[in-house]
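To keep things clear, I will list the structure first and then write my remarks on it.
The values are calculated or read from the model by the stated rules, or taken from the named source; none is laboratory data. As the structure is a computational prediction, the values presented were derived from the model and not from experiment. A quick note on method: Cβ atoms are made from the backbone with ideal geometry, for glycine too, and the neighbour counts reach across all protein chains shown.
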Amino acid sequence: MSEQPIDRPQLQEQLSDILLVLDKEKKKIEVVKNIGKNKELQTVTPEKKNESQFMRVDKHGDLFSNFFSNFFNQLKDPTRFNFFRVSAQEAISVAHAMQKEIENPTEAGKKLFEKHEIKVEYKQENQNTMETTQSTTEAGEYRFKLEQIDWKALSNLGLNKERLEKMNLLDPLLKGYKTNELVPISLNLGSAITRMDARLSLQSNEDGQVVVAIHGIRKEPQLNFPFFGHEFTKEDKDNLLKTGNMGRVVDLINPKTGETIPSIVSVDRLTNELVALRSEFIKIPDEIKGVKLDEQQKLTLTEGKSLYIEGMISKKGEPFNASVQFNADKRYVEFLFDRNTNSQSQSQQQNQTQGQEAPRIFRGKELDEQQYQKLKEGQTVYVSGLVDKKGKEYQGYITFDKETSKTGFSFDNPNKMKEKAQPKEENITQVAVNSEGKTNEATKNIKEPLKTAQKNPDSKQQQDKQEKPKVATKSKARKI
């Protein structure tokens, strides 16, 4: 009976590692505990009494790589720390040895740090994503085979073949694409279980094995430190936050080979992950919505820039104009919308619009002078020729709130909806009595709901109730 509690922690230590961290400012080695609500790193001192608080991570290489990449990118100030991975059995002793080396550096100590350090390449955001997007497949072509998938590793995420097929996710995975939707997964790390939504993809590692890449949701794109050697300019950041595309080709460095790769960069709008695509893989169609592109227009799109096209024809046969741009994540030319890609930029946009006048352009559609004046005066305006993210045209009604400077949209006319909500003249009494508890002299003693358009008693029974109200309840007490 005593074997059970002894073997369990031993097995847990064999299957998990501990994260040590060096705070460059404090010059202190501690053990990682968690990440706080404000994205600050939480740590504890490397002591026996704190062992139960140590964050334990799976020893499995691929699971750890995905976990740590997601963990690192959630930190508020990731460049301030150096991380080290040690076994659970030696975590405390190694931490103390490292602290001594910080205070009195030696050659042996340098090798100790190198042995356990988690290489800075994890700081290069979306390394796996870059490798995936550089290997493209033709339509209908499969990059991976079913037998290559490590189903045991997938089961650790709470997934199996049947579930992937049911969700229609297996086919795009085998073709080398990311899932086109977020997948709920659970990751068991021994002493901790993480549940999250993420996009998934299959990739080949250095040994040629097929592994599962987890693309977790980030609060915002990581634009404040280098991305494969590229430092984002202010214009780059503004473009990525506004349209989701950087808008130009830049040279990125492959961290494994040192190769310089001309690429475009976009934001995955589902996860806020940055995605790079080799410029040689950009394929521009000859025609977009009925408009044949000339060589100059194709060159503009190949360079990652946006292009305004006039005279396109919607599926309904109506002409429309819009800006288009090649997206590295989607790998096709998309229609641009005037929207931000994360909650922070949306909040900033709302703050900036406070006190502004009605917009002249709504979702890429420019209002004519009559529409603009109506909207400015607070009237409801019908707008057609709007285009959704799939290029499908739609229409609806927009309103402008002068107090909040917010523009509202509805597929149905809000004015008619209000009219429908108002009772007709013949029903005013009925609504007042039934819904608002009001009375009129003709029906004030009738308790049951009135019928449609009823203003007076409509039966002898109701007439009797109106003329002869019930006697007070104390008369019943006299009978008893």
message: Going residue by residue through the range 240-255, is there one that turns out to be part of a loop (DSSP other than H, G, I, E, B), more than 22 Å from Val333 (Cβ to Cβ) and touching an Asp or Glu at 6+ places or on another chain (Cβ under 8 Å)?
response: yes
field: Search result, residues across the range 308-335 that are under 30 Å from the mean Cα position of the chain (by Cα) and hydrophobic (A, V, I, L, M, F, W, C)
entry: Ile309, Phe320, Ala322, Val324, Phe326, Ala328, Val333, Phe335
- line: Flagged pairs (Cβ under 6 angstrom, 6 or more apart or on separate chains; first in the range 297-314, touching a residue at least 12 places away in the same chain (Cβ under 8 Å); second of a type in the set (Lys, Arg) and outside any strand (DSSP E or B)) are Gly304/Arg248; Met312/Lys289; Ile313/Lys289
- request: Return yes when Ile261 is part of a strand (DSSP E or B), assigned by TED's automatic domain parsing to the domain that holds Ser323 and touching a residue at least 40 places away in the same chain (Cβ under 8 Å) and no when it is not.
  value: yes
message: So for the range 285-292 (the condition being among the β-branched types (Val, Ile, Thr), surrounded by 15 or more Cβ atoms within 10 Å (Cβ to Cβ) and within 27 Å of the chain's Cα centre (by Cα)), does at least one residue qualify?
response: no
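Matching residues to (1) at pLDDT 55 or above; (2) surrounded by 13 or more Cβ atoms within 10 Å (Cβ to Cβ); (3) outside any strand (DSSP E or B):
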residue	(1), (2), (3)
Gly385	yes, yes, no
Lys389	yes, no, yes
Tyr397	yes, yes, no
Glu419	yes, no, yes
Ala432	yes, yes, yes
- prompt: What residue, of Ile102, Ile18, is more than 30 Å from Glu220 (Cβ to Cβ), modelled with pLDDT under 90 and β-branched (Val, Ile, Thr)?
  reply: Ile102
- prompt: Quick one: how many residues across the range 330-356 are modelled with pLDDT of 90 or more and surrounded by 15 or more Cβ atoms within 10 Å (Cβ to Cβ)?
  reply: 3
task: Being surrounded by 13 or more Cβ atoms within 10 Å (Cβ to Cβ), in a loop (DSSP other than H, G, I, E, B) and either at pLDDT 90 or above or in the same structural domain as Gln395 (by TED's automatic domain parsing) (or both) is the filter here, so list the residues in the range 294-321 that pass it.
output: Glu303, Gly304, Lys305, Ser306
field: Some residue of the range 275-283 being in a strand (DSSP E or B), over 25 Å from the mean Cα position of the chain (by Cα) and loosely packed, with under 15 Cβ neighbours inside 10 Å
entry: no
field: Extreme residue, modelled with the lowest pLDDT, among residues of the range 21-61 that are more than 21 Å from Asn82 (Cβ to Cβ), of a type outside the set (S, T, N, Q) and part of a helix (DSSP H, G or I)
entry: Glu51
